[in-house]
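To start, the structure itself, in structure tokens.
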Amino acid sequence: MADDMLDRLEATIRTRKDAGAVKSYTASLFFQGRRKIAQKLGEEAVETVIAACSGDDASIVPEAADLVFHLLVLLADAGLSLDDVRRELARREGQSGHDEKAGRPLSFRPE
């Protein structure tokens, strides 16, 4: 078993995805599908932003944990992993954020 908490969480999420009929919040997200998972991720992102703007820095932590959890669920649903994200971050390492964005295909560039 992995030593890193995020790796262990990712493994648990994948187990719940593969279990299907298990009555868990995670399994219910997979059952509801990608749109629901993406919706929950968006909700958690907004809640993290609200916490960040609240002036109570400690309130950011639980919201960030929810955000990371739902991101891991989305990655698992897409057949992706933290290792895919790690590879992308490694590819970007040492590169200006402006240069990295300019090198993306037009359909992936944020406004």
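Of note:
- Label-point gap, in nm, between Ser81 and Lys36 - each point 7 angstrom along Cα→Cβ: 2.6 nm
- Given +1 at the Cβ of Lys and Arg, -1 at the Cβ of Asp and Glu and no other charges, the dipole of region 5-96 around its Cα centre is 520 debye to the nearest 20.
- Net charge of neighbours whose Cβ lies under 13 Å from the Cβ of Leu41, counting Lys and Arg as +1 and Asp and Glu as -1: -2
- Integer Hz, Karplus 6.51/-1.76/1.60 couplings in order for region 23-35, x for Gly and Pro: 7, 9, 4, 4, 4, 5, 5, 4, 4, 6, x, 4, 4
- Here the calculated FRET efficiency for Glu43 and Asp4, from their Cβ-Cβ distance with R0 = 25 Å, stands at 0.45, rounded to the nearest 0.05.
Bear in mind these aren't lab numbers, they're just calculated from the coordinates by the rules spelled out. Given the structure is predicted, the values throughout are model-derived calculations rather than measurements. We place every Cβ from the backbone using ideal geometry, glycine too, and count neighbours over all the protein chains shown.
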